Amino acid sequence: MGTLFSLVTAILVSIATIWFMGTIKSKNVSSGCKVLQKTMLNEGKKQKPVVSIIIPAHNAMPWLNEALRSVMNQTGISPNSIEVSIYNDLSSDGTGDAISKWTAILKDAGFHVVTSGHSRSSREQNPLGDGGARNRAVEQSCGEYLCFLDADDVMMPRRIFLQLQVAKNNTNAIVGSGFTRHPSKSTEHYTNWANSLTQKQLYLQQFREITIIQPTWFFHRNVYNKVGGYPELKGLNDMEFFHSHLDKKGELIRVEEPLVMYRYTSSSLSWKSTRRDLLRCRLKAFEKRVLSKWTKFSIWGAGRDGHNFFKELSSFNKAKVLQFCDVDLKKIERGFNTRETKKTIPVVHWTKVKPPIVICVSMGRTGGDLESNIRSLSLAEGKDYWHFS
């Protein structure tokens, strides 16, 4: 009897624990929806939003007005299908007043609106940063799909309509779009590269940079949940999210039409991230998804980028480096001396390089010579070589 009683007790405790944890999880996931449902009842609305626009805002004046005006100008979808979720991340420039003003305007136009944030009088005395503020805005939102809008950017009128059509058929994908820059010449090299990528190249060049720029992201909420939200880091949260998504077999799709005006300011993430931080983040993903499958490989480029790539490799992967290749005869004669392995790695002419190859020379910087040389070797990108710089 004692044994039977203990068994029954253990079963009941397990059931209670599972129920309790399920209740907590349900509360965390749906708390934003419960708040919205109460608001909808109070305001006489019946339709739950389909899309939540996620807007983190930190000292976003004067651009926030233009961003929210672009929300008002969306076409092809009812305002009642859209929720605007704003998190005010310790702003001190009038952003809070603007959010209050626009909350009334958006609600009058039929949009669902949910806002929150913290001030210097709260327990949190520092800004959460882009990742943390986006997470809070997502957590309080309710839409099945998430549309990300930085507070200093502008959406084109058909953005939500077009990206929603694609996302509905691709619920495991980050859906991006083409974009324009303001000022128009800012980060021109990156802008031209990102906007010219084919669907196949979104994957093949994933280690050079983020192939779908974060201000254009739109996806099903399950994509966010699978990754677990943005890492709450300073400056690298979008790249970390991007590679975590790919680690989990996530997909990438881009609407070709420019649907976002991406503003370049002194607060842009590219100002906050060092070259080394960006390199390490990309390399972590590259070692996991590519180098783990290679026993030996070559590095194309014995200059700064090739040296930095080698320096940040794990000791295990340093030992796999067979050779470097270059066009510079002096580098070829000298070889590549490393403190890490205390040996000289041979540098060969590019015509003699042995695949697989990591290319650590930037595309579009050599007048077409690099691209021409690679083509002449009849190698397959994504199999025989990967671009890294």
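Summary of values
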item: Filter result for ILE357 (crowded, with 16+ Cβ neighbours inside 10 Å and closer than 19 Å to ARG280 by Cα); result: yes
item: Residues being open to solvent by 20 Å² or more (accessible area, probe 1.4 Å) and in a helix (DSSP H, G or I) - total across segment 59-80; result: 7
item: Residue that is nearest to the chain's Cα centre (by Cα), among those in segment 203-221 that are more than 19 Å from ARG159 (Cβ to Cβ) and part of a helix (DSSP H, G or I); result: TYR203
item: Residue check for THR265: closer than 25 Å to THR187 by Cβ, among the polar types (S, T, N, Q), free of Cβ contacts under 8 Å to residues at least 12 places away in the same chain and surrounded by fewer than 16 Cβ atoms within 10 Å (Cβ to Cβ); result: no
item: Strands (runs of 3 or more DSSP E) wholly inside segment 309-389 that include at least 2 residues being under 19 Å from PHE297 (Cβ atoms) and at pLDDT 95 or above; result: 321-326, 347-349, 357-359, 385-387
item: Hits in segment 270-308 (condition: in a helix (DSSP H, G or I), in contact with a strand residue (DSSP E or B) (Cβ under 9 Å, 6 or more places away or on another chain) and open to solvent by less than 20 Å² (accessible area, probe 1.4 Å)); result: PHE286, LEU291, GLY306
item: Scope segment 216-260; condition in contact (Cβ under 8 Å) with a residue 24 or more places away in the chain, in contact with a His (Cβ under 8 Å, 6 or more places away or on another chain) and open to solvent by less than 50 Å² (accessible area, probe 1.4 Å); matching residues; result: VAL223
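The values are calculated or read from the model by the stated rules, or taken from the named source; none is laboratory data. Quick caveat, the model's predicted, so the values are computed rather than measured. Because the Cβ atoms are built from the backbone with ideal geometry, glycine has one as well, and the counts that use them run over all protein chains shown. With ligands, DNA and RNA removed, areas are computed over all heavy atoms of the protein, side chains included. Shrake-Rupley method; radii C 1.70, N 1.55, O 1.52, S 1.80 Å.
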